[in-house]
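Below is one structure; the comments refer to it alone.
The values are calculated or read from the model by the stated rules, or taken from the named source; none is laboratory data. Source: prediction; values computed, not measured. Here the Cβ is made from the backbone with ideal geometry for all residues, glycine too, and neighbour counts use every protein chain on show.
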Amino acid sequence: MENIYLLSFGEIGLKGENRPFFERILIKRIKQALEGFEGLDVKKTHGRIYVRVAGPQDEVIERLRKVFGIVGISPAKSCDLDIESIKSAALEAVKEVDYKGKTFKVESRRTNKSFPIKSPDISCMVGAHILKNLKGLKVDVHNPDIEVNVEVREKGFVYCKRIPGPGGLPVGSNGKALLLLSGGIDSPVAGYMVMKRGVAIEAVYFHSFPFTSDRAKEKVIELCRVLAGYCSKIRLHVVNFTDVLKELGEKGPNELLTILMRRMMVRISQEIATKIGAKALITGESIGQVASQTMEALVATNEVARLPVFRPLIGFDKVEIIDLAKKIGTYGISIEPYADCCSIFVPEHPKTRPKLDDVHKAEERFDIKGFIEKSLDNIELIEVTESY
Amino acid sequence: MEMKEVYLDNSATTKVAKEAVDAMVHALTVAFGNPSSLHRKGMEAEKIVNKAREKLALFLGGKAREIYFTSGGTESNNLAIKGAAYARRRYGKHLITTSIEHPSVLEVFKQLEEEGFSVTYLGVDEKGHINLEELKQVIKPDTIIVSIMYVNNEVGSIQPIQDAAKIISQNKNTLFHVDAVQAFGKIPLIPNLSGVHLMSLSAHKIYGPKGVGALFVRERTKITPLFNGGGQEEGLRSGTENVPGIAGFSAAAELVFKNFGAWQAKMKELKDRLKTGILSEIPDTILNGPDDGAPHILNISFLGTKAEVLLHALESHGIYVSTGSACSSHKSAKSHVLAAMGKTAEEIESAIRFSLSPFLSIEDIDYTVEILKKEVNELRKYIRR
């Protein structure tokens with residue numbers, strides 16, 4: 001008998017001819033996620049992936065729960081293909097869950113028809129064995145607390161728990177995008193959501209020392225560490241934005257400053273995106289959340305974008321975003337108070353409905369191309385892994 | 001090229017002196033025993049602790065048995081105030097402190113208020129000094145503790161501890177606690193701590209290590225311990241003594257008191273040069289706090305800048321200071337000390353604290369003034385609107 005993990009994957013099972021491609025990436029991601037554990041072996045059969053790995057169960061499950069594409073995780077016992085082995089494996093599996101005073105049923109599936117006993121009979125025999133050996137359990141075939149699953153394949157498998165995985169598609173199966181990461185609550189969540197759809201991400205952060213402190217940069221690195229848990233590594237491009245910010249702040253019309261800043265960030269980001277082979281940008285914008293995210297402001301920001309800009313939070317309320325951030329594990333980092341002092345540039349009364357003509361006119365006094373070139377020459381690349 | 005480094009944040013913490021490091025290494029690697037052990041190794045360690053107690057008592061003007069070692073200023077303040085309040089609650093429930101204390105004092109009083117004590121907070125004038133007349137008016141027969149800081153950590157104002165002690169000593173049930181964390185080793189304390197029952201000290205503000213401090217408790221003053229345990233420090237502070245920390249504290253204190261007069265004069269000279277340099281060469285600067293005050297603390301507002309941005313700008317030139325407020329919009333991030341002195345929001349948001357050590361040079365100060373001139377001028381371009 002051996003402890004293994006049975007993984008089910010939902011959506012990628014539907015992908016027809018592309019299925020081997022998705023499965024290959026999923027298996028690669030699982031291997032990355034469990035790197036460092038002894039005896040790792042990942043195999044796939046029809047509709048299932050089997051993982052053999054040493055290491056504490058909690059930690060293995062915790063890591064697998066961050067692999068997009070996995071729908072369910074069942075810690076299982078694998079055993080030889082004879083009914084006695086299956087019975088004792090089932091008994092062990094039930095002993096590992098809290099069974100006292102609970103009801104159960106056995107559900108068997110025999111995909112390997114060379115096994116001589118039929119599914120209903122397997123269920124009966126295994127159920128009887130459990131009843132005989134464990135006190136405090138009752139059978140309930142309609143509404144059981146515990147479902148003991150027996151699968152007869154090239155070996156026998158028994159499991160009683162199914163832990164939900166994160167769903168989605170394996171990261172890397174859907175190209176690459178560049179996330180504009182600010183250190184706030186929204187942008188890491190936006191990155192998570194796009195990653196969940198199989199998109200690999202890199203991140204860009206605009207550092208404006210001394211207006212933002214080095215602690216703010218550390219905070220962004222911390223956020224990348226959390227996100228790296230879902231994709232093994234985030235490449236973070238730190239753009240030195242101070243000179244651009246200063247010039248915009250000095251010469252730009254105060255009430256349009258935020259819009260001008262954001263337009264510069266989009267322009268610089270898409271240059272980086274092109275360089276690294278990212279096909280889209282990702283932002284944490286949500287309609288109407290702040291002055292720079294009104295419909296008009298979004299239009300003004302979007303005008304300079306030549307790549308698609310993904311805004312997965314566009315229809316979310318702040319509380320919904322916060323709930324997600326808590327679930328992902330970024331919330332606690334995002335609310336650390338190293339507020340960026342860029343807020344000193346934020347006008348008292350920003351234009352909530354900027355007119356494109358005004359924005360164009362305001363930009364005439366700047367050497368936009370020069371800004372972009374200067375910024376691209378001044379980038380620090382940090383490869384952030386979970387253990388960074 | 002190595003960047004020039006000018007450390008002007010000595011009220012936050014100081015660089016540990018070599019003498020203290022040596023004493024600590026000895027206690028960590030040679031005399032590493034537990035002072036409570038009965039064998040020779042234990043005695044060796046116990047001797048270090050007792051020697052340290054004697055030295056500190058000497059510098060402070062008290063007796064060795066009046067010195068109790070703690071984990072630092074915060075614990076000393078907690079132990080003194082809570083310990084005295086709990087031990088004396090049968091005499092009354094009224095407490096007095098000032099509105100400009102360190103959080104490790106103010107938060108303790110806040111908790112005691114929740115527990116049913118009543119607290120009077122003395123105000124301060126625009127220079128950061130309390131008014132003794134106010135103290136006279138609010139002190140009552142059922143006042144059990146008065147707690148006043150010796151030197152304010154943000155603006156360097158020195159409170160009239162000697163005169164306060166005279167007023168307080170007329171009430172026989174009132175204990176006087178003084179938070180001397182920023183005063184010890186920096187200014188002369190009142191002789192023999194006359195009229196003071198409790199005094200908090202910290203090692204890492206005087207070139208000793210972090211994580212160690214002391215509480216002076218006058219003989220026959222009963223206070224309730226915070227920790228229960230093995231009964232170390234006469235039962236007032238259970239827990240195996242931090243022998244290396246205590247050794248470092250003692251060595252640092254010895255160094256400071258050997259050089260006391262010279263270092264005080266040196267810091268005063270540096271502070272005056274910095275103050276005059278800034279106020280005369282940079283327009284729209286305001287001194288926060290007294291004209292003289294403690295020799296190591298200077299607080300100045302640079303109107304039209306934001307303190308945190310200026311701090312980071314100075315940092316990029318190797319100059320380290322601290323601020324009266326962070327850029328955060330949280331209200332709690334603003335200095336309660338400057339607010340109590342009646343400073344405006346703009347003054348508070350642009351306040352920088354420089355805290356000095358005798359290891360700085362005149363060149364360091366001139367360099368700082370030069371950089372400040374440049375950076376303040378630069379920042380005002382973006383911020384003053």
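Evaluation of A:A305 against the conditions (1) of a type in the set (G, A, S); (2) touching a residue at least 40 places away in the same chain (Cβ under 8 Å); (3) closer than 25 Å to A:V238 by Cα shows that the sole unmet condition is (2). Residues that are without any contact (Cβ under 8 Å) to a residue 12 or more places away in the chain, in a helix (DSSP H, G or I) and among the aliphatic types (A, V, I, L, M) within region B:29-56 comprise just one, B:M43. Candidates in region A:117-136 are the residues that are closer than 13 Å to A:G156 by Cβ and not small (G, A, S); of these, the one that is surrounded by the fewest Cβ atoms within 10 Å (Cβ to Cβ) is A:I117. Out of B:S118, B:S147, B:S157, one residue alone is of a type in the set (S, T, Y), surrounded by 15 or more Cβ atoms within 10 Å (Cβ to Cβ) and in contact with a Lys or Arg (Cβ under 8 Å, 6 or more places away or on another chain). It is B:S157. Screening region A:96-179 for strands (runs of 3 or more DSSP E) wholly inside it with 3 or more residues that are not aliphatic (A, V, I, L, M) returns the ranges A:102-110, A:146-152, A:156-159. Taking the criterion of being under 21 Å from the mean Cα position of the chain (by Cα) and among the acidic types (D, E), the only residue of region B:231-268 that qualifies is B:E254. Identify, by number, the condition in (1) within 14 Å of chain B (Cβ to nearest Cβ); (2) farther than 24 Å from A:E296 by Cβ; (3) surrounded by fewer than 22 Cβ atoms within 10 Å (Cβ to Cβ) that A:N174 doesn't meet. If we test A:N174 against (1) within 14 Å of chain B (Cβ to nearest Cβ); (2) farther than 24 Å from A:E296 by Cβ; (3) surrounded by fewer than 22 Cβ atoms within 10 Å (Cβ to Cβ), just (1) comes out false. Restricting region A:188-221 to residues that are away from chain B (no Cβ under 14 Å) and assigned to a strand (DSSP E or B) leaves a set whose member that is surrounded by the fewest Cβ atoms within 10 Å (Cβ to Cβ) is A:R197.
Against the test of being in contact with a Phe, Trp or Tyr (Cβ under 6 Å, 6 or more places away or on another chain), surrounded by 14 or more Cβ atoms within 10 Å (Cβ to Cβ), closer than 13 Å to A:M1 by Cβ and touching a residue at least 12 places away in the same chain (Cβ under 8 Å), the options A:A76, A:A89 yield a single qualifying residue, A:A76.
So if I check each of A:K100, A:K105, A:K118, A:K135, which one is touching a helix residue (DSSP H, G or I) at 6+ places or on another chain (Cβ under 9 Å) and among the basic types (K, R)? Before the answer, list the steps.
Numbers: A:K100 fails: touching a helix residue (DSSP H, G or I) at 6+ places or on another chain (Cβ under 9 Å); A:K118 fails: touching a helix residue (DSSP H, G or I) at 6+ places or on another chain (Cβ under 9 Å); A:K135 fails: touching a helix residue (DSSP H, G or I) at 6+ places or on another chain (Cβ under 9 Å).
Only one candidate qualifies: A:K105.
Which members of region B:239-283 meet the condition of being of a type in the set (V, I, T), surrounded by 15 or more Cβ atoms within 10 Å (Cβ to Cβ) and assigned to a helix (DSSP H, G or I)? Hits for region B:239-283 are B:V243, B:I246, B:V256, B:I278. Restricting region B:330-362 to residues that are in contact with a strand residue (DSSP E or B) (Cβ under 7 Å, 6 or more places away or on another chain) and over 26 Å from B:R273 (Cα atoms), which is surrounded by the fewest Cβ atoms within 10 Å (Cβ to Cβ)? Per the criteria, the residue is B:A333. Inside region A:259-298, residues that are within 14 Å of chain B (Cβ to nearest Cβ) and either farther than 15 Å from A:K351 by Cβ or at pLDDT below 90 (or both) make up a count of 1.
Out of the residues in region A:316-344 meeting the condition of being within 14 Å of another protein chain (Cβ to nearest Cβ) and at pLDDT 70 or above, tell me which one is nearest to the chain's Cα centre (by Cα). Only one residue tops the list, namely A:S334. Scanning region B:109-131 for residues that are among the basic types (K, R) and part of a loop (DSSP other than H, G, I, E, B) gives a single hit, B:K127.
Hey, does region B:72-90 have a residue that's at positive phi, in contact with a His (Cβ under 9 Å, 6 or more places away or on another chain) and touching a residue at least 24 places away in the same chain (Cβ under 8 Å)? Yes, region B:72-90 contains a residue that is at positive phi, in contact with a His (Cβ under 9 Å, 6 or more places away or on another chain) and touching a residue at least 24 places away in the same chain (Cβ under 8 Å).
Residues that are surrounded by fewer than 22 Cβ atoms within 10 Å (Cβ to Cβ), at the interface with chain A (Cβ under 8 Å from one of its Cβ atoms) and among the acidic types (D, E) within region B:292-319 comprise just one, B:E315. Would you confirm whether any residue within region B:364-384 is more than 14 Å from every other protein chain (Cβ to nearest Cβ), at pLDDT 90 or above and on the phi > 0 side of the Ramachandran plot? No, that holds for no residue. Looking across B:K127, B:K136, one residue alone is surrounded by 13 or more Cβ atoms within 10 Å (Cβ to Cβ) and either within 28 Å of B:R90 (Cβ to Cβ) or of a type in the set (D, E, K, R) (or both). It is B:K127.
Evaluation of B:V178 against the conditions (1) under 15 Å from B:I81 (Cβ atoms); (2) in a loop (DSSP other than H, G, I, E, B) shows that the sole unmet condition is (2).
Applying the set (1) modelled with pLDDT of 95 or more; (2) assigned by TED's automatic domain parsing to the domain that holds B:H26; (3) of a type outside the set (G, A, S) to B:E234 leaves exactly one unmet item: (1).
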